[in-house]
Structure formats: C-alpha cells, structure tokens
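Read the structure below first, then the notes.
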Ligand code: SF4
C-alpha cells in the first residue's frame, strides 16, 4: 500500500480481515442455503409419508439428536424441524444441535473461546453487516466471527446435509462405478445436472425411469432418460448410486468438465440448482440447442427456464422437465453433431465411501487403519477436497500432481467434491492406481484389492 491506512483510517489488518469475513459469510450463506432446502425437503417427505431410503442413518441421527417419533416419518419430521429451528435462531441464541454433532473436546474448546454459533442464518447476516463500510474494524473480532461461521458451515452445511440426504436418498455403498464421458449414451435423452442439492432430484430420478417418461422417450425415438452427473451433485448421485443404477450410469466430470460434456453434443438439457453452474455453459447451450432449466434461482442463468423445486409440486416439475427434454431431443437430432470420446474415463472407480461404509469395510473398527499409521506403513491421511481451478498448469493439473506425489510417499488421500471428479477421470480411484503408490500403501491396497 502507498499509505499505512485507508482514507477512513482503516489499517491493513482491518481491510484484509473485513474482506475475509465477507468472503467467509458468503461461503457460509451458500452452504446454509443448501442445509435449509435439504431440511425442508426432508420435512416435506416426512409429513407426506414419502419414501425414506436410509433407515439406518435415520436411527443414527435420531440417536444423535435425542429425538424419537411414533414411526420413521414422525422421527424424520422431528429431525428436520430441529435443524430448521436452529438455522432460524437469532444470533444471540446458540444453536442446540452443535453440541450433539461435534466432537466433545472440540465443542468444549469452542465454548471456552466463546465462538459457538447462534442461528446459522443470523451469523451470516451479521458477518455481512460487520464487514460493511466503517463498521467493524477489529481484526480479532472479525477472525473469531470467521471461526464461528466455520463451525456452523461445517457441522450443518456439510455433515448434516450429507446425513439428511442419506436418510432421503439411501446410504453410500462401496462399489466400482463408471466415470467420464463414456458414461454418456447418445441413444438416451441425457440431462446433465449441476449443483449441490441432491434432495431436489429425489422425485426426478424416480420419475425418469417411470412409465410416463418411458413413453415420452419412445415418442421421440429415444431409449429412455439418463441423468449425467457433473459437479458436486453428480458426486452425490455417484456416492448413493447403488440405489438408482438405471437412471444414473456414472459421474461424467467436474466443474469445468461440464463445458466439455455439453460440447459432446449428446446432452440436450441442463438442470441446475446451485454452483457450479458455469456462466460458460450459456453460449455452448445456445450454439448446441441445449435447454437450460433452473430449479433454484440462486443458480439462474440468463437463458434458463426457471421453475423452483418445491416438494408439493414435484410431479408437475418432473413432468415439465421430461416434456422439455424430450422436445429438445427431437429438435436437436440431425442438427447437432455428437462426438463422445469413448475412451474417456473407466468402469471401475471405487465409490460409495462414507465414514460408515469405510469402517464396515475395515471390519467395523478403525483399528487396522490406526495400526498401519502407527507402525509407519502408511504415513498419514491428507484431505484434497473441493474446487479445482484453472491455475497452476490447467484444469485438475495441480490436484492430480499433488495426489500422485502424496500416494507415492505412502500417504492416503481422502478427496471430495470436484477434486474427486478429476482424480477419478484420470484413474486414481481405481485399484490399478496402487501401482503409483509407495511400497507401504501399495502393499496394503493390493492386499485389500482397492
Ligand atoms: S466442489 Fe467446488 S467447483 Fe465443484 S461443484 Fe462444488 S463448489 Fe463447484
């Protein structure tokens, strides 16, 4: 900086932490939006007697929250209400479920530091207020607010979203699955989905393999409908794909790969509900006659038809998506060249990894993994998660290079989000990737066949 302070008198610490808090509040707002919709969807399913696929998770979460109902639906409704009550509390009212979800010693430390979150939406709101012009200029206070937002975002926006999705859509099961462009079959009406809110597709993924959709597909000369998974919601479908193999044949790609997926010409519609629905999809869609359909306006694109997902109107929404996708299929045939690289991806990417499925695989205890780390065979576990970018050599290059380096040093990599999309497409989640690992990790993978 040319001067030690801004014209208002703010120093560099105040300016930097203010910008950080604003960014953290925005990120937290995104995840809490997902949490809110997920809990509302669970409540709607529970109150209408809809299908609950994850009874084991329902029992687990009920035990965690200390709630019980007269039956599964009543229990699910109580769980959803408890989450929503917490999200809507004022900021001075500490959220009740934090203590029930968090690791106890860590919760004690948060309480000691005075950073337990009040209502998650209020925390975001005041984060935006604090970071506005000439409001908070205490860097320590703003950093502590970032920590508070981190707690509500992690526990509610990530942990609870996953658990509630497992209740509605079924628990992850370890299995080999197909990934990459080879999962796209041009004989079908392919709908690419982008976003983060798996529960908004609960009805659509059933409807697309039902009789009405089958006849709509036949009428335009297609074999049926398929969902093509891209971005985080594609990973969600991949994770829980054991429960609906017919409509979802594998995860095609991650954030930036979605542009290339459209460029194959084999996808006639994009249904979006969150990030990452890239603005770059718009001109490709216009050129290749791809219909854009948005079901949550937080991800609205200028060329997208918008109809908000709402559980009560799910049937109408799914019907409208089928109608529009079938029209697009008919309209595009013969006008758009289809070119799918058949050798892109593989059929044996390990998926369905959750803290439950992994522990089951290890014999119901973490001890084997702890022993391998304690005796030095495996050096540790590193998380490579979230969003790959175009920097550092190009799309996915840094992620893939970093992971190759880590496994060569006998370090297990835990990945999630779009990092997984890149890693699986280059084959690093196949059993064959053990050959790239260091001697300790390689021997363990080969022995277990993973
Ligand atoms: S992991 Fe990141 S890049 Fe991928 S969809 Fe989620 S937010 Fe977007």
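The values are calculated or read from the model by the stated rules, or taken from the named source; none is laboratory data. The structure displayed is predicted, hence computed values, not measured ones. Don't worry about glycine lacking a Cβ; one is built from the backbone with ideal geometry, like all the others, and counts go over all protein chains shown.
Here are the numbers for this structure:
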| item | result |
| --- | --- |
| In the range 319-374, the residues that are surrounded by 15 or more Cβ atoms within 10 Å (Cβ to Cβ) and at positive phi | 345, 352 |
| Top-ranked residue of the range 398-418 - restricted to ones that are within 16 Å of the ligand (Cβ to nearest atom) and in a helix (DSSP H, G or I), ranked as surrounded by the fewest Cβ atoms within 10 Å (Cβ to Cβ) | 402 |
| Residue match in the range 129-144 (condition: under 26 Å from the mean Cα position of the chain (by Cα), away from the ligand (no atom under 16 Å from the Cβ) and either part of a loop (DSSP other than H, G, I, E, B) or farther than 18 Å from residue 234 by Cβ (or both)) | no |
| Single residue of the range 383-397 satisfying the filter (over 17 Å from residue 253 (Cβ atoms) and without any contact (Cβ under 8 Å) to a residue 24 or more places away in the chain) that is nearest to the ligand (Cβ to nearest atom) | 391 |
| Residue match in the range 71-87 (condition: in contact with a helix residue (DSSP H, G or I) (Cβ under 9 Å, 6 or more places away or on another chain), modelled with pLDDT of 95 or more and in a loop (DSSP other than H, G, I, E, B)) | no |
| Residue among 246, 242 that alone is part of a helix (DSSP H, G or I), out of contact with any helix residue (DSSP H, G or I) (no Cβ under 6 Å at 6 or more places or on another chain), more than 16 Å from the ligand (Cβ to nearest atom) and under 27 Å from residue 174 (Cβ atoms) | 242 |
| Condition met for residue 421 (touching a residue at least 40 places away in the same chain (Cβ under 8 Å), closer than 25 Å to residue 249 by Cβ, outside the structural domain of residue 58 (by TED's automatic domain parsing) and part of a helix (DSSP H, G or I)) | yes |
| Residues that are closer than 26 Å to residue 258 by Cα and either within 14 Å of the ligand (Cβ to nearest atom) or surrounded by 22 or more Cβ atoms within 10 Å (Cβ to Cβ) (or both), drawn from the range 429-450 | 429 |
| Residues that are outside any loop (DSSP other than H, G, I, E, B) and more than 24 Å from the chain's Cα centre (by Cα), drawn from the range 326-368 | 326, 327, 328, 329, 330, 331, 332, 367, 368 |
| Selection count, the range 82-124, where residues are under 23 Å from residue 40 (Cβ atoms) and either without any contact (Cβ under 8 Å) to a residue 40 or more places away in the chain or surrounded by fewer than 14 Cβ atoms within 10 Å (Cβ to Cβ) (or both) | 14 |
| Considering residues of the range 249-294 that are more than 16 Å from the ligand (Cβ to nearest atom) and within 18 Å of the chain's Cα centre (by Cα) only, the residue surrounded by the fewest Cβ atoms within 10 Å (Cβ to Cβ) | 249 |
